[in-house]
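The values are calculated or read from the model by the stated rules, or taken from the named source; none is laboratory data. Values in this document were obtained by computation on a predicted structure and should not be read as measured data. FYI the Cβ positions are ideal-geometry reconstructions off the backbone, even for glycines, and counts take in every protein chain you see. Protein only, heavy atoms only, side chains kept; ligands, DNA and RNA dropped before computing areas. Shrake-Rupley method; radii C 1.70, N 1.55, O 1.52, S 1.80 Å.
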Amino acid sequence: MRSRARLPYAALACLLALAGCRGADAPAEAPARPVAAATGTVIPDDFPLAAGMGATGDAVPTARTGTGLRGLELCGETPLRGLTVRDRMVADNSGGEAADTRELVLLGSADEAAEVARTMRTLVEECDRPTLSDSDARTRTEVLGSPFGPAPAVALQQTWTFDGRPADGSMLVHVVPDGAALLVASTYGAWSREEADQAVAETSDALRDTVTALARLEDGGTP
């Protein structure tokens, strides 16, 4: 019989793993710089993606590779998988019964970053079928307002039921586009659906320094 007291991390991991013409006499022009070079292609190595993760004094490493949140499912889709990115950074502080993961990507333009964020919200709002996992869990995702700005920024809360019985805890996902950058942060905690406001407040406090630092990227990062 499954325990209702907590969501086992193995099941949680499974859920996470399961979207010019010129006249002839005109002077020659210098070759145009590639767009990527003009807007920047690199997230700085010292970007504080992991700020606020873990306990006080913990040093959570960042990496350019890794699963990150590519496996995040919304209505059976994985909107962060298969993106064409100019750069990518991930930070993960998961283990035991904790799951705290962040992913930052630089896309081709601000429009593209905003469109991915809108797609993530739309997948949730227009989902017309239950989302089931290999662990026999049913996932429910709800759209919440983002403390980091108006749409397309969004917060999402995922809760689960096993065999029709609710599991304790939920996953809070922040989606924050800023210029060509897109930040997605996912944190598991003991929040119920009724505690959604608390979940948003607590996770946004931990994420605030990272969101503030997005301004450093200036629509693309470091050339």
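Within this structure, Ala113 passes the test of being open to solvent by less than 20 Å² (accessible area, probe 1.4 Å), at pLDDT 95 or above and assigned to a helix (DSSP H, G or I). Within the range 75-102, the residues that satisfy the criterion of being open to solvent by 50 Å² or more (accessible area, probe 1.4 Å) and either aromatic (Phe, Trp, Tyr) or within 22 Å of Thr122 (Cα to Cα) (or both) are Glu77, Arg81, Gly82, Thr84, Val85.
Being at pLDDT below 50 and open to solvent by less than 70 Å² (accessible area, probe 1.4 Å) is true for just one of Ala37, Ala50, Ala28. Which residue is that? Give the steps one after another, and end with the answer.
Values: Ala50 fails: at pLDDT below 50; Ala28 fails: open to solvent by less than 70 Å² (accessible area, probe 1.4 Å).
Just a single option satisfies the conditions, and that option is Ala37.
Scanning the range 154-204 for residues being part of a loop (DSSP other than H, G, I, E, B) and either open to solvent by 10 Å² or more (accessible area, probe 1.4 Å) or within 22 Å of Val90 (Cβ to Cβ) (or both) gives a total of 9.
Residues in the range 86-124 that are closer than 18 Å to Val211 by Cα and of a type in the set (A, V, I, L, M, F, W, C): Met89, Val90, Ala91, Leu104, Val105, Leu106, Leu107, Ala110, Ala113, Ala114, Val116, Ala117. Residue count for the range 85-106, restricted to those that are outside any strand (DSSP E or B) and either in contact with a strand residue (DSSP E or B) (Cβ under 9 Å, 6 or more places away or on another chain) or modelled with pLDDT of 95 or more (or both): 6.
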